[in-house]
Amino acid sequence: MLNNQGARRAVAGMVDPVAGRLLAIGLTPDAVTFIGAAGTSVAALWFFPRGQFVAGVLVIILFIFSDLLDGTMARISGRAGPWGNYLDSTTDRIADGAVFGGVLIYFASRGDSWQTAAAWICLVGGFVISYAKARAESVGADANVGIAERAERLIVVLAAAFITGLGVTWVLPVAIAILAVLVLVTIGQRFAHVRRQLITQTDAPAETAGDATQPSQTPPSQTPTSQRPPTPPTAPSARPPSARPPAPPVDGSQTPPSQTPPSQKPQP
């Protein structure tokens with residue numbers, strides 16, 4: 001979108017000399033970040049609730065310029081790193097909240113209920129948009145989508161406020177209502193985008209596991225029913241299991257039982 005490296009390179013020729021002078025007088029990138037966020041917040045909460053939109057927008061633009069300066073200063077001084085990115089992103093949320101908070105207070109003080117509600121949607125929705133991206137990245141997804149990212153929201157609200165300050169009073173109410181709709185659309189776009197990624201990641205391992213557990217389709221003629229080796233034949237027993245040694249005759253005769261049936265008795 002508009003808040004990207006390409007846009008920053010386009011104005012690098014103007015920003016680099018200013019950043020170099022600020023470093024020369026002893027300012028650090030972190031100090032410029034804090035000054036920019038504080039200046040934007042104070043200007044928005046001071047001028048906007050009073051309806052002094054022209055002065056407020058001009059002061060805010062001056063401090064928003066620091067969003068380019070701190071990154072350039074960090075690059076020139078060799079201090080660019082994760083801490084600078086974290087600090088810049090966090091203080092940007094404070095400044096954005098002050099801008100839309102000032103607009104909300106302006107409408108609320110005039111008793112404009114629906115404009116106040118629209119400003120509230122823009123205020124809270126801006127935080128949700130930012131959180132949705134941070135949370136998506138923490139679970140392995142990305143949320144770099146949306147029709148109304150930070151730069152677009154600021155351009156719309158500041159341009160509308162400036163025109164309203166020039167006397168065209170209907171511009172800001174209409175712009176804040178349109179922006180509220182765009183904020184809701186952006187939240188929906190990020191939710192849908194992240195859901196598609198996470199559902200795909202969840203389904204992929206399940207499909208792999210299903211393929212691994214699927215039974216083999218090899219024809220029975222090619223796969224033996226049993227892979228165990230055949231049992232070797234056992235040697236025949238020396239005597240049948242049912243054979244028992246014959247009981248000796250009562251009279252001590254050694255006549256084999258086959259010659260003298262047990263049912264015949266000797267004659268007296």
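Please treat every number below as a calculation from the coordinates, not as lab data. Just so we're clear, the structure is a prediction, and the values are computed from it rather than from any experiment. Backbone-built Cβ (ideal geometry, glycine too); neighbour counts: all protein chains shown.
Odds and ends about this structure:
- Highest mean first, the peptides 18-27, 67-76, 84-93 sorted by other C-beta atoms within 10 Å per residue fall in the order 67-76, 84-93, 18-27.
- A straight chain from residue 42 to residue 128 at 0.36 nm per residue would run longer than the Cα-Cα distance by 28.7 nm.
- One chain, two ends: residue 169 and residue 151. Fully extended at 0.36 nm per residue, the span grows by 4.2 nm beyond their Cα-Cα distance.
- For the stretch 131-138, 3J(HN,Hα) per residue [Karplus equation, 6.51 cos²θ - 1.76 cosθ + 1.60, θ = phi - 60°, Hz, x = Gly/Pro]: 5, 4, 5, 4, 5, 4, 5, 6
- Fully extended contour minus Cα-Cα distance, from residue 24 to residue 86, at 0.36 nm per residue: 19.9 nm
- Compactness of the stretch 7-202 as Cα Rg over 2.2 N^0.38 Å, two decimals: 1.10
- Counting Lys and Arg as +1 and Asp and Glu as -1 over every other residue whose Cβ lies under 11 Å from the Cβ of residue 186, the net charge comes to +2.
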